[in-house]
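To keep things clear, I will list the structure first and then write my remarks on it.
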Amino acid sequence: MPRPHLALLIALLTAFAISQFSDHFNPYYLDVLAGIGINVILAVSLNLVNGYTGQFSLGHAGFMSVGAYLSAAVTLFFAPRLFGSDGGTAVQQGVLFLAALLVGGLCAAVAGLVVGVPSLRLKGDYLALVTLGFGEIIRVTFQNVEKLGGALGLNAIPPYTTLFWVLAFAAVTIFIITCLVNSTYGRGFIATHDDEIAAEAVGLNTTRYKIVAFVVGAFFAGIAGGLYAHFKTTITPGGFDFTKSIEIVVMVILGGMGNTLGVILAAVLLTLLPEVLRPVAEYRMILYSFLLIVLMIARPQGLFAFKLPKARST
Amino acid sequence: MPAPLLQLAQVTIRFGGLTAVNGFDLAVCEDELVGLIGPNGAGKTTVFNLITGVYPPSEGTVTFGGGDLAGLRVDEIAACGITRTFQNIRLFGSLSVFDNVRVACNLHRATGPAHTLLRLGAFRADEAAIARRIEELLDLFNLRRFRDAPAKSLPYGEQRRLEIVRCLATKPKLLLLDEPAAGMNATEKVELVRLIQQVQKQFKLSILLVEHSMKVVMGVCQRITVLDYGMKIAEGDPAAIQRNPKVIEAYLGEDHQKSLAHH
């Protein structure tokens, strides 16, 4: 078995083992742990776009909301019709949930394609602004669709998200992105980032690379949205505004653009930080912002990035 | 005479009111090494950009191996077998020396993106074959010792060489070299001349060379085309070009002729 597959298998088994004990966990810790897992999925997938491929997107929360709303719509529609009042067995729920997550992810991927094809002609700040705009358009659309609850959002979503699902999908996300990048094909993402002109001159279709990164990133944002919806059981359009996008971007930057391990650690750290700061109550967000500034000044190359070694004859 | 590999016929490009290249004809045959010289701003790099599809010509045609290149994207033209180096070196700075060459191997990859996830035998065999090819190329250019170093950390001359290796990994038929000797000292230039000759012989390439160093140009080119203000003012073998009064006036200067007389 190839090494990455073995690692994935071990991660999935570990997720399964941990989730067996989740009933004994303090619900607060469970909440924080699930939040970490969801943020890891968001940050690692955005890292493919912003980090490896170097396309600065500010629309990740928009794609997350597509996944959240559509997967919630699937379970809200099918759960009562399929399972009646008893709610179905765990296996039935699991199958429906998995299908709902995939629907959410695929719809987000389609949204990524629709946004990506016209906007990836733009570079840098222009792309950031356009993706920011698209994210907001998606949010405002949900806010105005009465069938999806309008500004009140959707509630009474079945609480299908367990610790197992969150950890398993975090592992799958890391696995897929790592495998994709660590290949001759995947080095093209980084080449597109480093020098687009040179990448095209050696035969890479950089537009296609950007679109693939955007679509794969959006897919996992949609999965994360589905997990979030079935964890919180209530979603509102306001939960997916651009501050959420920026929160994810900060994780990517702090972790070190294009450094998956760093981004994972940054996602964990930045999810924990506001929780650790709870005792200082109203000063919490001020302190959080202050710590962010300090971290950025101290480690502009990313919290967990290390200096590249000098060329040496070996 | 066989049909040329690359042919530019009456190629013109205008940027607003400026005609950067005007009615330019050029032919490069198989296994030929052609030089393109001229004063700064004469339009040499623009000719490269026209060949590689960065700019579509306003008028005229570029054909390669008998096919018209009109409407093809830069990466599609690279897939046809035309590749280039850049005047201001363009390496993938955050990637290692090995990975810089690896990126260029994408044109001849046997497995696709889906294989990267499954990582079955076919994928591993493909990656292993690519790695072997890269290492052979690095060995050939004495760059193996820098295999895992970041490309940006290489000494200047080695960066230029790596750029050429990266081009060769695309298995080109035509190599365009844009001022490869820029910033090199006399010893490095001698080395470069040898390198260019070695590459052409070993990989059976046609080469189009833009260069200011007359030592390099006169040393390797079989034929030279001179460009001034976007127009061809002369064409011929190195000896004829050095005696051509138009070329001396526009580019080489009187001093060059004097230094020639001393030899």
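The values are calculated or read from the model by the stated rules, or taken from the named source; none is laboratory data. Just so you know, these numbers come straight off a predicted model, no measurement behind them. Positions of Cβ are backbone-derived with ideal geometry, glycine not excepted, and every protein chain shown enters the neighbour counts. SASA here: full protein model, heavy atoms, side chains in, ligands and nucleic acids out. Shrake-Rupley method; radii C 1.70, N 1.55, O 1.52, S 1.80 Å.
The table below gives the values:
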{"item": "Eligible lysines near A:LYS123 by straight Cα distance, threshold 30 Å, same-chain separation 8 or greater", "result": "A:LYS210, A:LYS244, A:LYS307, B:LYS44, B:LYS152"}
{"item": "Kirkwood Rh (inverse of mean 1/r, distinct Cα pairs), segment A:1-111, angstrom", "result": "16.6 Å"}
{"item": "Principal axis dimensions, segment B:91-171 - Cα atoms, whole angstrom, descending", "result": "39, 23, 19"}
{"item": "1.4 Å probe, heavy atoms, protein only - residues of segment A:194-208 losing at least 10 Å² accessible area vs chain alone", "result": "A:ASP194, A:ASP195, A:ILE197, A:ALA198, A:GLU200, A:ALA201, A:VAL202, A:GLY203, A:LEU204, A:ASN205"}
{"item": "Positive dipole terminus of the protein assembly as shown, leading residue within A:PRO27, A:PHE164, A:ALA7 (C-beta point charges)", "result": "A:ALA7"}
{"item": "Quotient of C-alpha Rg and 2.2 N^0.38 Å, computed over segment A:174-250", "result": "1.40"}
{"item": "Cα-based radius of gyration of the protein assembly as shown once divided by 2.2 N^0.38 Å, which approximates compact folds", "result": "1.17"}
{"item": "Residue mean of other protein chain beta carbons inside 10 Å, B:145-156", "result": "3"}
{"item": "Scattering profile of chain B at q = 0.11, 0.12 Å⁻¹ [log10 I(q)/I(0), Debye over alpha-carbon scatterers]", "result": "-0.65, -0.76"}
{"item": "Relative contact order of chain A, defined on C-alpha pairs under 8 angstrom at six or more residues apart (%)", "result": "33 percent"}
{"item": "Calculated P(r) of segment B:30-71 - Cα pairs past 13 Å, %", "result": "61 percent"}
{"item": "For chain A, projected area of the alpha-carbon convex hull averaged over all directions, nm²", "result": "19.1 nm²"}
{"item": "Chain A: most fluctuating residue of A:LEU163, A:LEU227, A:LEU122 per GNM, C-alpha cutoff 10 Å", "result": "A:LEU122"}
{"item": "Solvent accessible area, Å² - A:ASP241, 1.4 Å probe, full protein context", "result": "40 Å²"}
{"item": "Solvent accessible area, Å² - B:ARG14, 1.4 Å probe, full protein context", "result": "110 Å²"}
{"item": "Backbone HN-Hα couplings from phi across segment A:103-118 [Karplus 6.51/-1.76/1.60, Hz, Gly and Pro as x]", "result": "4, x, x, 5, 5, 5, 5, 5, 4, x, 5, 5, 6, x, 4, x"}
{"item": "Label-point separation, A:GLN301 to A:ALA17 (7 Å along Cα→Cβ), nm", "result": "3.6 nm"}
{"item": "B:MET231 - accessible surface, heavy atoms, 1.4 Å probe, Å² rounded to 10", "result": "90 Å²"}
{"item": "Pairwise centroid distance, computed over Cα atoms, of segment B:1-64 with segment A:159-232, Å", "result": "40 Å"}
{"item": "Per-residue ³J(HN,Hα) for segment A:244-259, Karplus 6.51 cos²θ - 1.76 cosθ + 1.60, θ = phi - 60°, Hz, x for Gly and Pro", "result": "5, 4, 5, 4, 5, 4, 4, 4, 5, 5, 5, x, x, 3, x, 10"}
{"item": "Among A:ILE248, A:ILE297, A:ILE138, residue whose mean-square fluctuation peaks in a GNM of chain A (springs only between Cα atoms under 10 Å)", "result": "A:ILE297"}
{"item": "Most mobile of A:ASN205, A:ASN50, A:ASN26 in a GNM of chain A (Cα contacts under 10 Å)", "result": "A:ASN26"}
